Amino acid sequence: VTYINENGKEHWFFESMVMMELWDDGGNVTYSIANDGKNSSTKEHWQRMIDYWFDDTYGFKALDDCIDEVIGRIGNPPVRRKVVFFLPDAVYFKNYSKGVKDIDPTTEYWGTIDGNKMDFARLDHRLKAYRWYIDEICERFAQAGYKHIDLMGFYILSETLTMNGGWNYQYKQHEDLIPEIADYCHRYDKGLYWIPYCVNNSLPEHNQGLRNWKNLGIDMTVMQ
């Protein structure tokens, strides 16, 4: 939130921050398709992680309290602080590595929405999970009434976006998935942000999102 310069004076530092999780259950469960060989996160994990970030002690509240404390020392910041919250990957298989190598058919593992079991082999079910998640975050952030922070939008966790028959395309379908997510974020007046993996620029079949991010509806990318 702040830094101390060489003369010992405290200044405001970052005005926006990305908040993200990669693992759960001691590292045995992943929120990212990149961490293969682990079980994919379920709705229960997503909900537990959301509850943690909106806890009265941790997560967003801790950040808001920290800013409030600093204001008492150095006065108000020039702008309100912004946060970008991550989107877990809605992974096709219960265990992505096992699914690719052994063709494990388990795709109905995530949980239910409105009493209906989600099957992540279906693009529309993955989209339902994302809409549920975005609804939860936006509504709870609005209800929380934080004094010093605003929700700026959402962050795509995957560092590669595969399109048009690229690497394991059939399990991702990013050119169909990402624009729908972007549109839903925009309905809340929130942005969609992405930090692609730089080395993939030399592998055109692996990360077509690098050349098509605007067409996917992403509002801003930051190259690693």
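I'd like the full set of residues that are closer than 20 Å to TRP12 by Cα and open to solvent by less than 30 Å² (accessible area, probe 1.4 Å), limited to segment 35-76. Lay out the reasoning, then the answer.
We begin by selecting, within segment 35-76, every residue closer than 20 Å to TRP12 by Cα; these are 59-76.
Answer for segment 35-76, where residues must be closer than 20 Å to TRP12 by Cα and open to solvent by less than 30 Å² (accessible area, probe 1.4 Å): GLY59, PHE60, LEU63, ASP64, ILE67, VAL70, GLY75.
Looking at (1) modelled with pLDDT under 95; (2) of a type in the set (Asp, Glu); (3) open to solvent by less than 40 Å² (accessible area, probe 1.4 Å), which is the only condition ASP119 fails?
For ASP119, the failing item is (1).
Tally up the residues in segment 47-94 that are of a type in the set (A, V, I, L, M) and touching a His at 6+ places or on another chain (Cβ under 6 Å), please. Full working, then the answer.
Our first condition is that a residue be of a type in the set (A, V, I, L, M); within segment 47-94, this holds for 49-50, 62-63, 67, 70-71, 74, 79, 83-84, 87, 90-91.
Narrowing further to those that are touching a His at 6+ places or on another chain (Cβ under 6 Å): 67.
Number of matching residues: 1.
Go through (1) in contact with a Leu (Cβ under 6 Å, 6 or more places away or on another chain); (2) not in a helix (DSSP H, G or I) for TYR155 and report which single condition fails.
(1) is the only condition that TYR155 fails.
What are the residues in segment 170-224 that are modelled with pLDDT under 95, open to solvent by 70 Å² or more (accessible area, probe 1.4 Å) and within 23 Å of ALA129 (Cβ to Cβ), if any?
The one that is modelled with pLDDT under 95, open to solvent by 70 Å² or more (accessible area, probe 1.4 Å) and within 23 Å of ALA129 (Cβ to Cβ): GLN170.
All but one of (1) in contact (Cβ under 8 Å) with a residue 60 or more places away in the chain; (2) under 23 Å from PHE14 (Cα atoms); (3) surrounded by fewer than 19 Cβ atoms within 10 Å (Cβ to Cβ) hold for ARG140; which doesn't?
Of the numbered conditions (1) in contact (Cβ under 8 Å) with a residue 60 or more places away in the chain; (2) under 23 Å from PHE14 (Cα atoms); (3) surrounded by fewer than 19 Cβ atoms within 10 Å (Cβ to Cβ), the odd one out for ARG140 is (2).
Could you grab me the full set of residues in segment 38-62 that are charged (D, E, K, R) and either more than 17 Å from GLN143 (Cβ to Cβ) or touching a residue at least 60 places away in the same chain (Cβ under 8 Å) (or both)? Outline the logic, then answer.
Initial filter on segment 38-62 (charged (D, E, K, R)): 38, 43-44, 48, 51, 55-56, 61.
Residues satisfying the conditions are LYS38, LYS43, GLU44, ARG48, LYS61.
The values are calculated or read from the model by the stated rules, or taken from the named source; none is laboratory data. Being a predicted model, the structure only gives us computed values, none of them experimental. All Cβ positions, even for glycine, are placed from backbone atoms using ideal geometry, and neighbour counts span all protein chains on display. In case anyone asks, the SASA skips ligands and DNA or RNA and just uses the protein heavy atoms, side chains included. Shrake-Rupley method; radii C 1.70, N 1.55, O 1.52, S 1.80 Å.
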